[in-house]
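The values are calculated or read from the model by the stated rules, or taken from the named source; none is laboratory data. Keep in mind that what you see is a predicted model, and the values were worked out from it rather than measured. Note that we place each Cβ from the backbone using ideal geometry, even for glycine, and neighbour counts take in every protein chain shown. Quick note on the areas: whole protein, heavy atoms, side chains included, nothing else; ligands and nucleic acids left out. Shrake-Rupley method; radii C 1.70, N 1.55, O 1.52, S 1.80 Å.
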Amino acid sequence: DCWRWYRAEQHQQEGVNKLYEHIKAVDPALLHESAEWLTVFRTQALQDDSRDYPNTWDGVMAAAANYGAKYPQVVAAQWCLESGGGKHAPGNNYFGLKGQGAIRKTQETFNGNTVTIVDSFMEFPSLKACVQYLVERWYLDYKGYKGVNRATSPEHCARLLKAEGYATDPAYSEKLIVLMRQY
């Protein structure tokens, strides 16, 4: 229940980092993504999560923290950048996630050139489902992919997203960092 009030404020992050260091000193295996307690915690949290998250910076951060994002402010920055602060999210897709779904135009950058293409974008029943999908596939370790939760800071996490191929915009990471500082 403590994560319900977590907002990734500096004093909270410092407390979590201190707790992390203490746990690591006692038993590093407890902090591994496949640790039994973490699997049970996430399963229980997902089952118990019947609440709706508001389409706001704080709402996205709360959902991201609940689903396991180490730096929920990065998820909120993605939400802000990709959906115009939650205003432009056809099919409740707040992050421009591609996959089977609706066909839409989008801009991509290839070899330094920005082009308009047509692609398929996933659709979700809610903001909560969209955040959960993003965190599970990009932030946590997923099917052999090492998630960006391995980052050592929010800025590092933003840079890992770009390095791992989340976006084609060469300035994507820097845009996320600016948004995190702004909010």
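Considering every residue within the range 73-84, establish whether at least one is assigned to a loop (DSSP other than H, G, I, E, B), open to solvent by less than 20 Å² (accessible area, probe 1.4 Å) and among the hydroxyl-bearing types (Ser, Thr, Tyr).
No, the range 73-84 contains no residue that is assigned to a loop (DSSP other than H, G, I, E, B), open to solvent by less than 20 Å² (accessible area, probe 1.4 Å) and among the hydroxyl-bearing types (Ser, Thr, Tyr).
For the range 85-130, what are the residues that are open to solvent by less than 70 Å² (accessible area, probe 1.4 Å) and of a type in the set (D, E, K, R)?
Those that are open to solvent by less than 70 Å² (accessible area, probe 1.4 Å) and of a type in the set (D, E, K, R): ARG104, GLU108, ASP119, LYS128.
Looking for whichever is surrounded by 12 or more Cβ atoms within 10 Å (Cβ to Cβ) and part of a helix (DSSP H, G or I) here; the options are ALA69, ALA64. Which one fits?
ALA64
Taking the conditions exactly as written (of a type in the set (Asp, Glu) and in contact with a strand residue (DSSP E or B) (Cβ under 7 Å, 6 or more places away or on another chain)), does GLU136 satisfy them or not?
yes
Select from the range 120-170 the residues that are in contact with a helix residue (DSSP H, G or I) (Cβ under 7 Å, 6 or more places away or on another chain) and among the aromatic types (Phe, Trp, Tyr) and list them in ascending order.
Across the range 120-170, the qualifying residues are PHE121, PHE124, TRP138, TYR139, TYR142, TYR166.
For the range 47-61, which residues satisfy the criterion of being of a type in the set (A, V, I, L, M, F, W, C) and open to solvent by less than 20 Å² (accessible area, probe 1.4 Å)?
If the condition is that a residue be of a type in the set (A, V, I, L, M, F, W, C) and open to solvent by less than 20 Å² (accessible area, probe 1.4 Å), then VAL60, MET61 are the ones that fit.
So the check is Cβ under 9 Å with 6+ separation or different chains; which pairs have a first residue in the range 164-183 that's touching a residue at least 24 places away in the same chain (Cβ under 8 Å) and a second one that's in a helix (DSSP H, G or I) and open to solvent by 90 Å² or more (accessible area, probe 1.4 Å)?
Within 9 Å, the pairs are LEU176/ARG159; ILE177/ARG159.
What are the pairs with Cβ atoms under 7 angstrom where one residue, in the range 89-101, is under 14 Å from GLY165 (Cβ atoms) and the other, located anywhere, is of a type in the set (Gly, Ala, Ser)? Sequence gap at least six, or different chains.
LYS98/SER120
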